[in-house]
Amino acid sequence: FRRVLFRSQDQKLTLFHANWSFCSQMVRVALFELNVNFNEQHIRLCDQYAEGENLDKNFLSLNPLATVPVMKFDNEIIVNSTTIIKELNKRFQGNLHEYVDNSFVKQTTITEGDKFASTIGTIIPVFSAPLIEFMVRKLPFKSIMKIFFKHPRKDRKFIFLSMYFFGVAKKFPNIAIKKFVDEILKFEEKLSEDNTYFTNKFSHIDINMMCVFNRLEDLKLGKTIETSKTPLLLKYWNNLKKRESYQRGILNYYTDKEHNVIKDFYKDSPSPYLELILDEIAKRN
């Protein structure tokens, strides 16, 4: 266990998370924003590491769905980033949900039951699919067999096995391009020159969008919000990057593993989907 120290508190918190996990990033940012003490345990996910620790018995006893993040409050287990952040905000009297549109929180993260590529949050895994496949195909065969026999989610099991044996992910992002452009242009319309954040105060929505924009940078798609049609989005992103929680909850958790995978996959080239997205933006009135 690693321990991160902030303000004193009576409750013992442990975060089970993964460094590059989109939803783990959200919870870490919330913890740093709320200045909360927590222990943490990094889980080596089955799509990135041969160990596949999220499929081990001990972790499945915490979350039978085999996903991160998981928060343990004393002996209480809470899963799902949105639920965890709401609970943190409640327990530590934060203001992350003041003036928040909960429907928009849902749209900007990965929510169980939501169809992929249906919201800006669920578009991120679709755009990430080729990079995930790159990692999956580097796993030893015994790790793939572990996924086959132990992964509790049939949908994820099918996706990972399809990636490993058939290399299916290359076309995934194409199904999300038009919807992604729809979503970022709608988001642009919701912003104003006067707003530093989505509303007057930093909130749960801003946490989620910080992670969305950061993942676009990882995927070499950051320029999609640097167009003449998205000036307020770019200003908004620049404001989010100035938060201390961005450095401490996201960037500080990147290791050589994450940096090298991104470098090896892209080889200093832009994303092959960048021009397709920019062309789609250019078409819009």
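Each principal axis of the Cα cloud of segment 40-149 was evaluated for its coordinate range; sorted largest first, these ranges are 49, 35, 20 Å.
Across segment 110-117, computed HN-Hα scalar couplings (Karplus, 6.51 cos²θ - 1.76 cosθ + 1.60, θ = phi - 60°) run 9, 10, 4, x, 7, 5, 4, 6 Hz from first to last residue, x flagging Gly and Pro. Seen from a random direction on average, the alpha-carbon convex hull of segment 120-169 projects onto 3.4 square nanometres.
Ranking GLY121, SER61, ASN214 by how far each Cα lies toward the positive end of the dipole of the chain (charges on Cβ) leaves SER61 at the top.
Exposed loop sites were defined as GluC sites (Glu not before Pro) in DSSP loop states (anything but H, G, I, E or B) carrying at most 11 other C-beta atoms within 10 Å; in the chain the longest segment without such a site runs 1-111. Taking Cα centre as origin and charging only the Cβ of basic (Lys, Arg, +1) and acidic (Asp, Glu, -1) residues, the dipole magnitude of segment 44-134 rounds to 180 debye. Where both bridge residues fall in the chain, DSSP classifies roughly 70% of the beta bridges as antiparallel. Taken about its Cα centre, segment 1-154 carries a charge dipole of roughly 460 debye when the Cβ of each Lys and Arg holds +1 and the Cβ of each Asp and Glu holds -1. Under 16 Å from a label point 7 Å along Cα→Cβ of ASP182: give me every residue in segment 189-232 with its amide N that close. Answer for this model: 189.
Ignoring trypsin sites (Lys or Arg not before Pro) that are buried or in helix or strand per DSSP, and keeping those with at most 12 other beta carbon atoms within 10 Å, what is the longest stretch of the chain between them? Counting at most 12 other Cβ atoms within 10 Å as exposed, the longest clean stretch of the chain is 116-241.
Full extension of the chain segment joining GLU217 with PHE149 gains 21.0 nm, where the gain is 0.36 nm per residue of separation less the Cα-Cα distance.
Checked against a 26 Å cut-off, the cross-linked pairs LYS242/LYS267; LYS186/LYS241; LYS106/LYS154; LYS12/LYS241; LYS72/LYS142 give Cα-Cα distances beyond that limit for LYS242/LYS267; LYS12/LYS241; LYS72/LYS142.
With N denoting the number of residues in the chain, provide Rg(C-alpha) divided by 2.2 N^0.38 Å, to two decimal places. My calculation over the Cα atoms of the chain gives 0.99.
Read the figures in this text as sums done on the coordinates, not as results from a lab. Treat the numbers as computed from the prediction; the structure is a model and nothing was measured. FYI the Cβ positions are ideal-geometry reconstructions off the backbone, even for glycines, and counts take in every protein chain you see.
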